[in-house]
Amino acid sequence: MCYSIPGRVVSIDGRTIIIDYFGEQRRAVNEISNLKVGDYIYAQGGYVIDAVPDAEAQEVLALWKELFFELQERDQHLSGFKRMDKRAGDRLSLILERIVADEEEVAEEELLYLLNLEGKEDIARLMQAANYLRHKHLGNSCCIHGIIEFSNYCRQSCGYCGISARNKGLKPYRMTPEEVVKAACEAIDKYGFKALVLQSGEDSAYSIDNLCQIVSGIREREPALIFVSCGEVGLPGLQRLYEAGARGLLMRFETSNSRLYEQLHPGRRLDSRLEHLRAAFDMGYLLITGGLIGLPGQTREDILGDISLTKSLQAEMYSFGPFIPHPGTPLANSHSPAAAEVLKALAVARIVDARNAKIVVTTSFETLEKDARRQGLSAGANSVMISLTPDALRREYTLYPDRAHLNESLENQISDLLEILSDLGRAPTDIGVSHTAS
Ligand code: 5AD
């Protein structure tokens, strides 16, 4: 299975190139030398990751062509927005009509009103408007990232987290750098992944040299967009990882409420987290960030603050998932939020960053709600992650209990996901940001 469509280079201006995909033009950053107009490339997250020989590109495009238009049509059909009866003139209709028309900015107080919706039908209408915006601005592409969780050791004591240093009931594991490189290369070569996240707890056993060895080891062997997700590695560490070939950072700020942040992360400060994220962005990293939904003591104002903060950090991807209490943590007796809270947050994130956001349906949401992928992708989301961590280890990566997909083989996970995407008319590919998008 191929998770990218080859694009044809139509113009080159320094590092910026414009690529054509079946008539749609997208912009990307190119770091490959000798690229010419007319060449075919694979891009992910706005980066060119590989040149594709003409014959191979033609073959893949021929396979895709019919399917691509068929999927587009299905998505178009499913993402229509039913205009309301104007006479009704209720507040929700009036706000949503303005949102889908991309009229003026939506006021903060209106976004909060949307997050506060309670009725099933009202929430369904909000999701429909968000889905309409996703389709209108970003089409039917849905990026699929693979994630390898290579160590569950963590020196931090986050109050909600099942792999925190405080949880003594954990069966610890570490993959060696060679094992991580091997798993990553297999995911790229055998299963066609083009974007990978390398995640671990904050584990001092891996030096920055070790982490760089992993990143460069993968990049030397296979083309892929690599995100690192190993917590706060320090700014010099981030710089070295970038030089080793990492181009993305997945690090949530967890909550934008600094008081709540400090309660949940003993001895740590939100500012330091944000400094990491901002510095990473300045270094050139794509950011995947966001927060937890439904933390004890969190308000809907906080959630709106989290969404706004994600936008102000210029995140490439929004990652918002429900808090799920873990029995080995101080929050064992707290409750998860209702699935509707997550759907509302995804929809409001789409409205806040309609033109650019990639929004992921997280595994924690899939754990909370069996039908999360279909629902989340119909509420403005356009990205999914699949865990590539070897089965026996994945069971021990217990951020929260009863994680989704634990007993499914990778092949089944991929085929189930492709079926969902096909039903929804989504193309399992990342064709990047539109050339004309602001
Ligand atoms: N429920 C949901 N998500 C959690 N994470 C950690 N613990 C939990 C939990 N109990 C998330 C954090 C972290 C990511 C790796 O996992 O948001 O950033």
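Restricting the search to the stretch 297-335, which residues are under 21 Å from the mean Cα position of the chain (by Cα), within 14 Å of the ligand (Cβ to nearest atom) and assigned to a loop (DSSP other than H, G, I, E, B)? Correct list: 315, 320, 323, 324. Taking the criterion of being surrounded by fewer than 21 Cβ atoms within 10 Å (Cβ to Cβ) and either in a helix (DSSP H, G or I) or among the aromatic types (Phe, Trp, Tyr) (or both), the residues of the stretch 376-393 that qualify are 391, 392, 393.
Checking the stretch 200-211 against the condition returns no match, with no residue being assigned to a loop (DSSP other than H, G, I, E, B), crowded, with 22+ Cβ neighbours inside 10 Å and among the hydrophobic types (A, V, I, L, M, F, W, C). Being charged (D, E, K, R), away from the ligand (no atom under 16 Å from the Cβ), out of contact with any helix residue (DSSP H, G or I) (no Cβ under 9 Å at 6 or more places or on another chain) and not in a loop (DSSP other than H, G, I, E, B) is a property that residue 186 has. Just one residue in the set 225, 238, 211, 264 is within 16 Å of the ligand (Cβ to nearest atom) and aliphatic (A, V, I, L, M); that residue is 264.
Within the stretch 5-59, which residues are in contact with a helix residue (DSSP H, G or I) (Cβ under 6 Å, 6 or more places away or on another chain) and in a strand (DSSP E or B)? Of everything in the stretch 5-59, just one residue is in contact with a helix residue (DSSP H, G or I) (Cβ under 6 Å, 6 or more places away or on another chain) and in a strand (DSSP E or B), namely 40.
Annotation note: of 109, 105, the sole residue that is among the acidic types (Asp, Glu) and part of a loop (DSSP other than H, G, I, E, B) is 105.
Exactly one residue out of 193, 150 is closer than 25 Å to residue 401 by Cα, under 22 Å from the mean Cα position of the chain (by Cα) and either part of a helix (DSSP H, G or I) or in contact (Cβ under 8 Å) with a residue 60 or more places away in the chain (or both): that is 150. Kindly provide the set of residues from the stretch 145-174 that are within 15 Å of residue 396 (Cβ to Cβ), buried (at least 21 other Cβ atoms within 10 Å of the Cβ) and more than 12 Å from the ligand (Cβ to nearest atom), ordered by number. 148, 150, 151 - these are the residues of the stretch 145-174 that are within 15 Å of residue 396 (Cβ to Cβ), buried (at least 21 other Cβ atoms within 10 Å of the Cβ) and more than 12 Å from the ligand (Cβ to nearest atom).
Let's see how each residue does on (1) over 17 Å from residue 399 (Cα atoms); (2) of a type in the set (A, V, I, L, M); (3) in contact (Cβ under 8 Å) with a residue 60 or more places away in the chain; (4) buried (at least 23 other Cβ atoms within 10 Å of the Cβ):
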position	(1), (2), (3), (4)
293	no, yes, no, yes
297	yes, no, no, no
302	yes, no, no, no
306	yes, no, no, yes
309	yes, yes, no, no
312	yes, no, no, no
322	no, no, no, yes
328	no, no, yes, no
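Going by the conditions given, is residue 378 hydroxyl-bearing (Ser, Thr, Tyr) and modelled with pLDDT under 95? No: the conditions fail for residue 378. In the set (1) surrounded by 17 or more Cβ atoms within 10 Å (Cβ to Cβ); (2) free of Cβ contacts under 8 Å to residues at least 60 places away in the same chain; (3) more than 30 Å from residue 240 (Cβ to Cβ), residue 281 fails one condition alone, (3). When the residues of the stretch 347-375 are narrowed to those that are within 15 Å of the ligand (Cβ to nearest atom) and under 15 Å from the mean Cα position of the chain (by Cα), which ends up farthest from residue 117 (Cα to Cα)? The selected residue is 363.
The values are calculated or read from the model by the stated rules, or taken from the named source; none is laboratory data. Just so it is clear, the structure is predicted and the values come from calculations on it, not from any experiment. FYI the Cβ positions are ideal-geometry reconstructions off the backbone, even for glycines, and counts take in every protein chain you see.
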